[in-house]
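Engineer: One structure coming up, written as structure tokens, with questions to follow.
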Amino acid sequence: MGMACPLPVIQTKKALKNIEENGSVETMVDNEASMENLLKMAKEMGLESSYEKVEEHKYRVVITKGEGGAVADSTDAASNEKMVIAVSSDKMGEGIDELGDVLMKGFIYTLTEMDLMPTTVLFYNGGAKLTVEDAPTLEDLKTLEEMGVEILTCGTCLNYYNLGDKLAVGEVTNMYTIMERLQGADKLIRP
């Protein structure tokens, strides 16, 4: 409770690694985004999970580890990724903002036309503005998602720009997952 992203995910993951056999880890968090991030982590690790809204701003997440004691590390899946694109701005390049807008829209569109698709496109800081309602890149990002590209947007960034309820493509993520995707990339592109 009261921990900033990604601490609930990191601490829960550590607790799961300390369980040698069958068992569960119960984590209490004070926001829905942290609850969802824990459920996503459990799914990526191949573990059973459940949650309960205990009261306003209080969620109980239970992640259960089965026989064998091994915890699949989500970095194992990330190490198979070929290409990750990290988008930190809603504009491409520096100079005239209007040109930067046009270039970024063109860049995202061009991704839909490439023979080699990225595995993941990460959006953080100003890049989070590209995944929300009415964004000029929205249709192209939806196309990428339909083609199997993972679209992840930083939840802290969405909240900072007051866009937390406006996400229109992909999933909300946290800094821990962003770091995993960056570390696991065979090729990293930053437009």
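Engineer: What are the residues in segment 120-142 that are outside any helix (DSSP H, G or I) and surrounded by fewer than 20 Cβ atoms within 10 Å (Cβ to Cβ), if any?
Structural biologist: E133, D134, P136
Engineer: Restricting to segment 93-105, count the residues that are farther than 22 Å from C157 by Cα and outside any helix (DSSP H, G or I).
Structural biologist: Qualifying residue count, segment 93-105: 2.
Engineer: So which of I63, I10, I19 ends up being surrounded by 14 or more Cβ atoms within 10 Å (Cβ to Cβ) and either of a type in the set (D, E, K, R) or part of a loop (DSSP other than H, G, I, E, B) (or both)? Step through it out loud before you land on a result.
Structural biologist: On the way: I63 fails: either of a type in the set (D, E, K, R) or part of a loop (DSSP other than H, G, I, E, B) (or both); I10 fails: either of a type in the set (D, E, K, R) or part of a loop (DSSP other than H, G, I, E, B) (or both).
After applying the criteria, what remains is I19.
Engineer: To continue, here is another question. Which one is surrounded by the most Cβ atoms within 10 Å (Cβ to Cβ), of the residues in segment 75-92 that are at pLDDT below 95 and part of a loop (DSSP other than H, G, I, E, B)?
Structural biologist: So the residue we want is E81.
Engineer: Can we say E145 is free of Cβ contacts under 8 Å to residues at least 24 places away in the same chain and either part of a strand (DSSP E or B) or of a type outside the set (F, W, Y) (or both)?
Structural biologist: Details: free of Cβ contacts under 8 Å to residues at least 24 places away in the same chain: no; either part of a strand (DSSP E or B) or of a type outside the set (F, W, Y) (or both): yes.
No.
Engineer: Listed residues N18, N31; which is over 20 Å from T173 (Cα atoms) and outside the structural domain of G155 (by TED's automatic domain parsing)?
Structural biologist: On inspection, the qualifying residue turns out to be N18.
Engineer: For segment 42-60, what are the residues that are crowded, with 22+ Cβ neighbours inside 10 Å and touching a residue at least 40 places away in the same chain (Cβ under 8 Å)?
Structural biologist: Selection gives nothing.
Engineer: Let me spell it out: the conditions are (1) touching a Leu at 6+ places or on another chain (Cβ under 9 Å); (2) modelled with pLDDT of 95 or more, and K65 meets all of them except one. Which number is the exception?
Structural biologist: (2)
Engineer: May I pose another question? Name the single residue that is modelled with the highest pLDDT among those in segment 140-188 being under 16 Å from the mean Cα position of the chain (by Cα) and at positive phi.
Structural biologist: So the residue we want is G170.
Engineer: Would you mind stating whether I108 is at pLDDT 95 or above, within 21 Å of the chain's Cα centre (by Cα) and either assigned to a strand (DSSP E or B) or not polar (S, T, N, Q) (or both)?
Structural biologist: Criteria met by I108.
Engineer: Return the residue satisfying two criteria in turn: it lies in segment 1-28 and is in contact with a Leu (Cβ under 7 Å, 6 or more places away or on another chain) and among the β-branched types (V, I, T), and of such residues it is nearest to G155 (Cα to Cα).
Structural biologist: Ranking the qualifying residues of segment 1-28, first place goes to V9.
The values are calculated or read from the model by the stated rules, or taken from the named source; none is laboratory data. It should be emphasised that the depicted structure is a prediction, and the values quoted were computed from it without experimental measurement. Every residue, glycine among them, receives a Cβ derived from its backbone with ideal geometry; neighbour counts consider all protein chains shown.
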